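A short write-up of the structure that comes next.
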Amino acid sequence: MDIGSEAHDSLVFVAALALDVADVRARYSALRSGWALFDGPGGTQAPDVVIDAIRSYLRDSNANLGGSFAASVRSDAVVANARLAAAGFLGCTPDEVVFGQNMTTLNFALSRTLGRELRAGDEIVATKLDHDANVAPWHELARDLDLDVRLVELRDDTTLDLDHLEELLSDRTRVVAFPLASNAVGTLVDARRVVELAHGVGALAWADAVHYAPHAPLDVHTLGVDVLVCSPYKFYGPHLGLAFGRAELLRGWRPYKVRPASTEPVGARFETGTLAHELLAGFTAAVDYLAELGWDAIRSHERALGEELLSGLPEGWRLHGLPTMEGRVPTFAVTHPALAPDEVAARLAERKIAVWSGDYYAVEVMQRLGLPDGAVRIGIVHYNSAEEVDRVLAALGGL
């Protein structure tokens, strides 16, 4: 992956075998409902192989870890395999993997742990492009520790103002928190430049990859980030949180944990209580599923659908975000000249078309765009079809 100085390079068209959409859709029982599902940014559907893996674990291996009996031994293997799958997915080592309930919970826990290293007057930089799960934890920590939280502005085209980021940095900056892609408007961030600026003042680069992960491969060490958080249920897996933490960093932090809990692998020190083993089995199946399809085919298919939606947006609708597929993922925020976003979503639901409306927890984005009621979010993922894009465009044109 390369989210570099030309952010769109990470999602350029790559010549590849076309994705067999009919075959893909046949793997999802959830897609047989007759609904056109453009709600992926809030949580994707799970292919049947993920559901089967969860069911298989609960039927055959449902036990806690560390026992000498068969089900416990199988559970140990499920967790170990999930760490290996996560390491391959993120581009890190199994030691650097942390699982949790969801990204938000993990981010609060990890930021709270980092707080043990911070002092009054230290500075945190986040952005107005972020989901609140990478803003609110820092505000709460600032309230407790008397820190200063600063937010990077957006340009009018919804790209991050990196000049403003550079102005905000100082020798007191301890963290630069930022998204790889906006969950609200789909804009990509020049992650390598953000990391370079953060490290230039000795700060940690803390990335939210929740919205990027369904659309392109991750490689945390190539990016150079220190911490990265994401959500498997946004990339065809079960409801989990997943984090990467640089091993040297994790070893230097004192985790909040019960005393008997294992301290190895190092990432496990930050996993409180018993993990949802059945969901880890489903997570591994989701990672294997994506590897089987291949990112080149996924990206080229999503790009084509995104171009179709952009070129066919009916007259009167306003797009908030980049007008082409350059520099973005296929997530589109649109507004109607007369109808409120919630009303649009309700009318589309009557036509069995699922979209989101509101701010999607991207509070700062909507304030910056002057959208107090938010927008309508149409999210395309690889299991969507050209026919579904035609269907949503026709529905928008009829409102």
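The values are calculated or read from the model by the stated rules, or taken from the named source; none is laboratory data. The model shown is predicted, which means the values in this text are computed figures rather than measured ones. Don't worry about glycine lacking a Cβ; one is built from the backbone with ideal geometry, like all the others, and counts go over all protein chains shown.
Is region 221-237 home to any residue that is assigned by TED's automatic domain parsing to the domain that holds Thr127, surrounded by fewer than 21 Cβ atoms within 10 Å (Cβ to Cβ), in contact (Cβ under 8 Å) with a residue 60 or more places away in the chain and within 19 Å of the chain's Cα centre (by Cα)? Yes, that holds for at least one residue.
Out of Gly67, Gly88, one residue alone is outside the structural domain of Leu393 (by TED's automatic domain parsing), of a type in the set (Gly, Ala, Ser) and either at pLDDT below 95 or more than 28 Å from Gly186 (Cα to Cα) (or both). It is Gly67. Residue selection: Val210 satisfies the criterion of being under 25 Å from Phe332 (Cβ atoms) and in contact with a Lys or Arg (Cβ under 6 Å, 6 or more places away or on another chain). One residue stands out among those in region 93-109 that are surrounded by fewer than 23 Cβ atoms within 10 Å (Cβ to Cβ) and among the hydrophobic types (A, V, I, L, M, F, W, C): the one that is nearest to the chain's Cα centre (by Cα), which is Phe108. Considering only residues in region 184-198 that are without any contact (Cβ under 8 Å) to a residue 40 or more places away in the chain and surrounded by fewer than 24 Cβ atoms within 10 Å (Cβ to Cβ), the one that is nearest to Glu307 (Cα to Cα) turns out to be Val195. Under the condition of being over 23 Å from the mean Cα position of the chain (by Cα) and in a strand (DSSP E or B), the residues counted in region 354-399 number 0.
Within region 15-55, take every residue that is polar (S, T, N, Q) and surrounded by 15 or more Cβ atoms within 10 Å (Cβ to Cβ) and give me the one that is farthest from the chain's Cα centre (by Cα).
Filtering region 15-55 down to residues polar (S, T, N, Q) leaves 29, 33, 44-45.
If we keep only those that are surrounded by 15 or more Cβ atoms within 10 Å (Cβ to Cβ) too, we end up with 44-45.
Numbers: Thr44: 11, Gln45: 15 Å.
Selected residue: Gln45.
Suppose the filter is assigned to a helix (DSSP H, G or I), over 29 Å from Glu96 (Cβ atoms) and not charged (D, E, K, R); does Leu280 pass it?
Details: assigned to a helix (DSSP H, G or I): yes; over 29 Å from Glu96 (Cβ atoms): no; not charged (D, E, K, R): yes.
Here the answer is no, as Leu280 does not meet what is asked.
From the set of residues in region 205-221 that are modelled with pLDDT of 95 or more and either polar (S, T, N, Q) or not in a loop (DSSP other than H, G, I, E, B) (or both), which is nearest to Val381 (Cα to Cα)? Out of the qualifying residues, it is Asp208. Considering Val194, Val229, which residue is of a type in the set (Val, Ile, Thr) and assigned to a strand (DSSP E or B)? Answer to the selection: Val229.
The set of residues in region 326-369 being surrounded by fewer than 20 Cβ atoms within 10 Å (Cβ to Cβ), of a type in the set (Asp, Glu) and either in contact with a strand residue (DSSP E or B) (Cβ under 9 Å, 6 or more places away or on another chain) or touching a residue at least 40 places away in the same chain (Cβ under 8 Å) (or both) consists of Glu326, Asp342, Glu343. Note on region 297-325: residues that are of a type in the set (Lys, Arg) and outside any strand (DSSP E or B) amount to 2.
Which residues, taken from region 232-252, are assigned to a loop (DSSP other than H, G, I, E, B) and touching a helix residue (DSSP H, G or I) at 6+ places or on another chain (Cβ under 6 Å)? Scanning region 232-252 gives Tyr236, Gly237, Pro238, His239, Leu240. Inspect all residues belonging to region 68-82 and state whether any of them is crowded, with 17+ Cβ neighbours inside 10 Å, more than 23 Å from the chain's Cα centre (by Cα), in contact (Cβ under 8 Å) with a residue 40 or more places away in the chain and farther than 24 Å from Ala216 by Cα. Checked against the condition, which is being crowded, with 17+ Cβ neighbours inside 10 Å, more than 23 Å from the chain's Cα centre (by Cα), in contact (Cβ under 8 Å) with a residue 40 or more places away in the chain and farther than 24 Å from Ala216 by Cα, region 68-82 yields at least one hit.
If you check Asp52 against the conditions, is it over 29 Å from Pro255 (Cα atoms), at pLDDT 95 or above and either in the same structural domain as Pro255 (by TED's automatic domain parsing) or part of a helix (DSSP H, G or I) (or both)? Even if it seems obvious, please write down each step before you answer.
Working: over 29 Å from Pro255 (Cα atoms): yes; at pLDDT 95 or above: yes; either in the same structural domain as Pro255 (by TED's automatic domain parsing) or part of a helix (DSSP H, G or I) (or both): yes.
Against the criterion (over 29 Å from Pro255 (Cα atoms), at pLDDT 95 or above and either in the same structural domain as Pro255 (by TED's automatic domain parsing) or part of a helix (DSSP H, G or I) (or both)), Asp52 qualifies.
Here Thr272, Thr263, Thr284 are screened, and the one residue that is over 25 Å from Thr159 (Cα atoms), modelled with pLDDT of 95 or more and of a type in the set (S, T, N, Q) is Thr284.
If you filter region 152-183 down to residues that are in contact with a His (Cβ under 8 Å, 6 or more places away or on another chain) and not in a strand (DSSP E or B), you find that the one that is surrounded by the fewest Cβ atoms within 10 Å (Cβ to Cβ) is Glu153. Could you list all residues from region 118-143 that are in contact with a Lys or Arg (Cβ under 9 Å, 6 or more places away or on another chain), surrounded by fewer than 19 Cβ atoms within 10 Å (Cβ to Cβ) and assigned to a helix (DSSP H, G or I)? Answer for region 118-143, where residues must be in contact with a Lys or Arg (Cβ under 9 Å, 6 or more places away or on another chain), surrounded by fewer than 19 Cβ atoms within 10 Å (Cβ to Cβ) and assigned to a helix (DSSP H, G or I): just Glu140. Run Gly202 past the list (1) buried (at least 21 other Cβ atoms within 10 Å of the Cβ); (2) in contact with a strand residue (DSSP E or B) (Cβ under 8 Å, 6 or more places away or on another chain); (3) outside any helix (DSSP H, G or I) and report the number of the one that doesn't hold. Tallying (1) buried (at least 21 other Cβ atoms within 10 Å of the Cβ); (2) in contact with a strand residue (DSSP E or B) (Cβ under 8 Å, 6 or more places away or on another chain); (3) outside any helix (DSSP H, G or I), Gly202 fails exactly one: (1).
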